[in-house]
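What follows draws every value from the coordinates through simple rules; no lab data is involved. Keep in mind that what you see is a predicted model, and the values were worked out from it rather than measured. Cβ coordinates were reconstructed from backbone atoms using ideal geometry, including for glycine residues, and neighbour counts include every protein chain displayed.
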Amino acid sequence: MYLDQLKSPLQLKDLTIQELVDLSRQIRERIIQVVSRNGGHLASNLGIVELTLSLHRAFDSPNDRIIFDVGHQSYVHKLITGRVNEFWTLRKFGGLSGFPKTTESPHDPFDTGHASTSISSALGMALARDYLSENRHVIAVIGDGAMTGGMAFEAINHAGHLKSNLIVVLNDNEMSISPNVGALSRYLNKIRIEPFFKNPKEYLAHVVKRIPGFGTRLYGVLSRIEGSLKYLLTPGILFEDLGFKYLGPIDGYDFDLLEKVFSYAKKAQRPVLVHVLTEKGRGYRPAIEQTPKFHGVGPFEISTGEIRKENLSPSYTSTFGDTITQIASEDPNIIAITAAMKEGTGLTKFAQKFPDRFFDVGIAEPHAVTLAAGMAVGGLRPVVAIYSTFLQRSFDQIIHDVTLMKVPIVFGLDRAGLVGEDGPTHHGIFDIAYLRMIPNLVSMAPGDEAELARMLRFALKHDGPVALRYPRGNSIGTKNIDSVTPIEMGKAELRNPGTDLAIWALGNTLHPALGAAEILEKNGISAMVINPRFIKPIDEKLLEKLLLKKMPIVTIEEGILKGGFGSAIIESASDMGFSQPILRIGLPDEFPPQGTQAELRKIYGLDVEGIAENITKWFQIPRVFKAVS
């Protein structure tokens, strides 16, 4: 069968093994072609082709529910569930999502994008099925990296207790984004090298009965001893003791074996964990040899695997990584922590230079934060580098374990703002609002990469927690980093004089605001541009000075407006007794879609032209400014 003829997963059930092999090759070729043009998650999808085909042959989607943890490995699933003709639009604005999407297909039963959620949601669906007396299987497909997340173990613990009919497929490729770490990874490694453990009792019979003279009698004795040799012969004893029937490890590329195992799992009528061994990047050598690079990758040349680069200026991520490495050379107490994102957060160089001062905790953001708190209380200076959207997962730990005690930790919030093609689950648009409310926490946002480096040094000297947010992608290429105003706690920086209105442009909106000011000047509007630097505390002295002059104020932020930076300005103005109108430019009360950062900024009026247009329209509205007595 040709891939383009595949309209439904039901068609897979009639294919021969050879036809499945041919289809697997076509799917890999199509994924490589599309991701090389659009960017996306390559290595994980190349590794899961046969497993996904086998799942759809064994089960009947969408009646049977297949939930992919994180969901970045769902490209194969999308191709074989009626979306092959749309696959060229993957991750494009208005196109297919790079993750499962309930609004996209009935074959996507649950939106995913963050790790370790699949078993919880699958168990919930299984319980709903049982309560409503429905007839369907529920399958959670989770990577071994996501199994390090505490939520996965919480769900396994509950599922084992309830003994509900649930199938968990552990897709074990030894990788999350960075190589997996921790005791669970070592445990799975042990299982991988002992592939004879399919049926411990049969193996016991095979070995013992071959002993000359009394082998059969010895087997009879051993088999009657409760739990005899159980811990010696069962590799998945951890899962067995948690209430799951363990099946594996299984070759993820053996169609016959996968079919038999899934057939057995369907009949088990209890929680089952199927341990499947796969290889990230399978079928494309650059993705195998450079797996972290090809986990999430931009457009690349298929023949060489080389990434296509358009902007030669340094990325904010690399600036952060280089700076923290340099500062750590000066201060031996600085350590770095990340959650399975060494490459993504720019800490590769730090880890190489200071291996004993670098800690990758796996996909376990709450643990990362409290671990850092313990280290800081113990006398170290931790820097915790986590994407903005993933730091949300440790909200309680930030409050209870860090800010309550005013523990000196620096949070590096990478990918703050609109991240682009990964879409709603990955946009880092809530951190301004969810961190601004927390006492004792200083929040900062640099206007460019040079200021990021200086802010990091400033944050590490502060005796308390600091959150430092910066965007995804390349910086503007700032050259002169010396002729700038020194950073002082809570002090903003004037970047452009003006007399008609004052623009407070936070973080990476600063330079678009400066460009907009040039347009406004040509239209007869003199705009002051302020680099706030601090989200909290804000520069209230400067704000009051402008309010007393009755100068119209505009705030710009690449974050959700509800509770954001503009809201902070309005709150401060109100507390000081002022009620004049303030224009807030930012993201509305919705989840922004996928698309390039440039496309999304244009849509939401966060580019130079959009800022200038919004301000011009607002400034021309007649208004009366007054102070509240």
Check: Where does each of LYS280, LYS245 land when they are ranked from fewest to most other beta-carbon atoms within 10 angstrom?
Finding: LYS245, LYS280
Notebook entry, point to check: What pairs in LYS13/LYS101; LYS78/LYS293; LYS309/LYS491; LYS101/LYS267; LYS92/LYS522 have C-alpha atoms more than 31 Å from each other?
Noted result: LYS309/LYS491; LYS92/LYS522
Note to self: In 5 Å bins starting at zero, report the fraction of Cα pairs in region 493-619 per bin as a rounded %.
What the structure shows: 2, 11, 23, 25, 21, 12, 5, 1, 0
Note to self: With just the Cα atoms defining each centre, how far is region 238-264 from region 278-347? Give it in Å.
What the structure shows: 34
Checklist line | Estimated vicinal HN-Hα couplings, Hz - region 560-576 in sequence order (Karplus 6.51, -1.76, 1.60; Gly, Pro = x) | finding: 5, 5, 4, x, x, 5, x, 5, 5, 5, 5, 4, 5, 4, 5, 4, 8
Item checked: Long-range HN-HN contacts of PHE93 with modeled amide H, under 5 Å -> THR596
Margin query: Can you give me the Kirkwood hydrodynamic radius for region 392-457, using every pair of distinct Cα atoms, in Å to one decimal?
Written below: 13.3
Checklist line | Ordering of 526-535, 396-405 by packing [mean C-beta count within 10 Å, highest first] | finding: 526-535, 396-405
Check: Over the chain, one equal point on each Cα, no solvent: what is log10 I(q)/I(0) by the Debye formula at q = 0.07, 0.11, 0.12 Å⁻¹?
Finding: -0.51, -1.09, -1.23
Next item on the list: Please work out the FRET efficiency for the pair ASP331 and HIS400, using the Cβ-Cβ distance as r and a Förster radius of 41 Å; give the result to the nearest 0.05.
Entry: 0.90
Checklist line | Computed lengthening from LYS617 to HIS161, 0.36 nm per intervening residue step minus Cα-Cα distance | finding: 158.1 nm
Notebook entry, point to check: What residues qualify as long-range amide H neighbours of ILE585, i.e. H under 5 Å apart, gap of 5 or more or another chain, H built at 1.01 Å from N?
Noted result: THR555, ILE556, GLU557
Next item on the list: Evaluate the relative contact order of the chain (contact order divided by residue number), counting alpha-carbon pairs under 8 angstrom at least 6 apart; express in whole percent.
Entry: 11
Check: Using θ = phi - 60° and the Karplus curve 6.51 cos²θ - 1.76 cosθ + 1.60, what whole-Hz ³J(HN,Hα) does each residue of region 534-543 get, with Gly and Pro shown as x?
Finding: 10, 7, 8, x, 7, 7, 6, 5, 5, 4
Notebook entry, point to check: What do you get when you divide the Cα radius of gyration of region 1-88 by 2.2 N^0.38 Å, with N the number of residues?
Noted result: 1.00
Next item on the list: Go ahead and estimate [θ] at 222 nm for the chain from helices alone: -39,500 (n - 2.57) per DSSP H run with n ≥ 4, summed, over the residue count, rounded to 500.
Entry: -11000 deg cm²/dmol
Next item on the list: Please work out the Cα center distance from region 84-113 to region 129-162, rounded to the nearest Å.
Entry: 23
Next item on the list: For a footprinting-style exposure proxy, rank HIS107, HIS427 by other Cβ within 10 Å, fewest first.
Entry: HIS107, HIS427
Notebook entry, point to check: Any idea how far the Cα center of region 484-546 sits from the one of region 387-452, in Å?
Noted result: 22
Check: SER313 to ASN440: extension gain in nm, 0.36 nm per residue of separation minus the Cα-Cα distance?
Finding: 42.2 nm
Next item on the list: Counting other beta carbons within 10 Å of each Cβ, put TRP504, TRP88 in order, fewest first.
Entry: TRP88, TRP504
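Compute the FRET efficiency between HIS462 and ASP589 as 1/(1 + (r/R0)^6), taking r as their Cβ-Cβ distance and R0 = 35 Å, and round to the nearest 0.05.
0.60
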Notebook entry, point to check: Roughly what percent of Cα-Cα pairs across region 344-422 reach past 15 Å?
Noted result: 58
Next item on the list: For region 493-619, calculate the relative contact order in percent as a whole number, restricting contacts to Cα pairs under 8 Å that are 6 or more residues apart.
Entry: 27
Next item on the list: Provide the packing ranking of 256-269, 110-123, i.e. peptides ordered by the mean count of other C-beta atoms within 10 Å per residue, highest first.
Entry: 110-123, 256-269
Notebook entry, point to check: Any idea what the alpha-carbon Rg over 2.2 N^0.38 Å comes to for region 293-445?
Noted result: 1.08
